[in-house]
Amino acid sequence: RMRRWQVESRPEIDTFTPGLLALYESLKPSEEHKSKQNQLVDSLTKSVSKEWPDAQLHLYGSCANSFGTSHSDVDVCLEMETGTESTAEALLKLADVLRSDNFDNVEAITSARVPIVRMSDPASGFSCDICINNLFAVANTKLLKDYAQIDQRLLQLAFLVKHWAKLRGVNETYRGTLSSYAYVLMCINFLQLREPKILPCLQAMEQTFTMNVDGTECAYFDEVHHLQDFGADNKESIAELLWAFFHYWAFDHDYRRDVISVRMGNTISKQEKNWTTRVGNDRHLMCIEDPFETGHDLGRVVDRQTLRILREEFERAAGVLQYNDDPCVTLFEPYD
Ligand code: ATP
Ligand code: MG
């Protein structure tokens, strides 16, 4: 199949790299931010251990996968025996415990696909999502963190894409656009598909790490310190990659046919996954396979209207980077 992404970026595209890298640096969380996060985890550990002394606390999401900005929330997973209690009952009890320990805005959201307690910490001002025994999230957090250590262009690209998505209003799953997690998977898959490749496919390599989650083996090569030079033959700059990322999602991705798969380091067909017909609310218009929960399409929240909005935003972004005089500003102009 012809790939249109051999279209070239503008000749002077590299001149925008320093500006983009400066923006990336400014988005990285400060030491102060990290120490506040650790304090929150400490006080949470105290609260939880009163009711569940054997519970283990895992950080997941962007506070642990290295894709967190100074605006990211704190995601915590409790690993514990719930006995005869359902997860929902345990979460309601947890909400009571947290309220009595003076956390703010405590709310148990038990109807979500992954039920959570959401709250905010008065000391740091951070908001925090707590789930119970969702060890898939712990496994995918480690996978993302390991990918981030292979080539620094992944973190740079993903920070810029997440920042863009937040400002352009396309990082809201409850409104039919994509989660931060989905954007990071899009970035990983994109870098797996560059020529020469910038990232390998860790799940297709020797399995040096494995974790069994509800009967599913989450296994991959995690000795990433051996892969430090993996992307060295590819000299593309961050400006070029950011442009190519948007160009791919605006013009080259085959939305009708393809699913992006970090697990395979490639795209695979919807046919192969049986994601061709709508089942319930799952529309499969833009398909992003979860690396471990492979039956889970992270794009299932996207409907016809939000797909149009997303594609228009990808097109706008590619166009701004191609033609605008001051792309580092225009690209991130808030949408309202
Ligand atoms: P942000 O910086 O925006 O908070 P994040 O990486 O924490 O980014 P979230 O969308 O808050 O992203 O998700 C937190 C974690 O929850 C993800 O890293 C992933 O492990 C898990 N997760 C989020 N959305 C999904 C989903 N739709 N399916 C499976 N796991 C998900
Ligand atoms: Mg988060």
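The values are calculated or read from the model by the stated rules, or taken from the named source; none is laboratory data. As the structure is a prediction and not an experimental result, all values here were calculated from the model. Here the Cβ positions follow ideal geometry from the backbone for every residue, glycine too, while neighbour counts run over all protein chains shown. These accessible areas exclude ligands, DNA and RNA; they are computed on the full protein's heavy atoms, side chains included. Shrake-Rupley method; radii C 1.70, N 1.55, O 1.52, S 1.80 Å.
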Inset, instruction - Report, by residue number, each residue of the range 14-65 that is assigned to a loop (DSSP other than H, G, I, E, B) and either under 21 Å from residue 156 (Cα atoms) or in contact (Cβ under 8 Å) with a residue 12 or more places away in the chain (or both). - result: 28, 29, 30, 52, 54, 55, 64, 65
Legend entry - Filter result (open to solvent by less than 20 Å² (accessible area, probe 1.4 Å) and away from ligand 2 (no atom under 15 Å from the Cβ)) within the range 45-68: 47, 48
Legend entry - All positions within the range 155-189 that are of a type outside the set (D, E, K, R), part of a helix (DSSP H, G or I) and open to solvent by 10 Å² or more (accessible area, probe 1.4 Å): 155, 156, 163, 167, 173, 174, 180, 181
Inset, instruction - Give the residues of the range 190-230 that are of a type in the set (A, V, I, L, M, F, W, C) and outside any helix (DSSP H, G or I), sorted by residue number. - result: 193, 198, 199, 201, 205, 209, 211, 213, 218, 219, 221, 230
Legend entry - Residue in the range 113-128 that is within 10 Å of ligand 1 (Cβ to nearest atom), without any contact (Cβ under 8 Å) to a residue 24 or more places away in the chain and farther than 23 Å from residue 40 by Cα present: yes
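Name every residue in the range 116-133 that is within 21 Å of residue 90 (Cβ to Cβ) and open to solvent by less than 30 Å² (accessible area, probe 1.4 Å), in order of residue number.
116, 117, 119, 120, 121, 128, 129, 130, 131, 132
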Inset, instruction - Scan 321, 285, 298 and give me the residue that is over 23 Å from residue 174 (Cβ atoms), open to solvent by less than 40 Å² (accessible area, probe 1.4 Å) and in contact with a helix residue (DSSP H, G or I) (Cβ under 8 Å, 6 or more places away or on another chain). - result: 321
Inset, instruction - Look through the range 69-97, keep the residues that are part of a loop (DSSP other than H, G, I, E, B) and within 15 Å of residue 44 (Cβ to Cβ), and return whichever of them is nearest to ligand 2 (Cβ to nearest atom). - result: 73
Inset, instruction - State which residue is farthest from residue 141 (Cα to Cα) when the search covers only the range 71-111 and only residues that are open to solvent by 30 Å² or more (accessible area, probe 1.4 Å) and near ligand 1 (Cβ under 10 Å from one of its atoms). - result: 71
Inset, instruction - Take residue 57 and decide whether it is of a type in the set (A, V, I, L, M), within 16 Å of ligand 1 (Cβ to nearest atom) and out of contact with any Cys (no Cβ under 6 Å at 6 or more places or on another chain). - result: yes
Legend entry - Qualifying positions in the range 292-315 - more than 10 Å from ligand 1 (Cβ to nearest atom) and under 14 Å from residue 259 (Cα atoms): 294, 295, 302
Inset, instruction - Kindly list the number of the only condition in (1) within 16 Å of ligand 2 (Cβ to nearest atom); (2) modelled with pLDDT under 95 that fails for residue 32. - result: (1)
Legend entry - Evaluation of residue 266 against (1) modelled with pLDDT of 95 or more; (2) under 25 Å from residue 320 (Cα atoms) (one fails), failing number: (2)
Inset, instruction - All but one of (1) of a type in the set (D, E, K, R); (2) open to solvent by 30 Å² or more (accessible area, probe 1.4 Å); (3) outside any helix (DSSP H, G or I); (4) within 30 Å of residue 32 (Cα to Cα) hold for residue 142, so report the exception by its number. - result: (3)
Legend entry - Given (1) open to solvent by 60 Å² or more (accessible area, probe 1.4 Å); (2) at pLDDT below 95; (3) not assigned by TED's automatic domain parsing to the domain that holds residue 237, number of the condition residue 8 does not satisfy: (3)
Inset, instruction - Test residue 36 against the stated conditions and say whether it is open to solvent by 60 Å² or more (accessible area, probe 1.4 Å), of a type outside the set (Asp, Glu), farther than 24 Å from residue 172 by Cα and within 16 Å of ligand 1 (Cβ to nearest atom). - result: yes
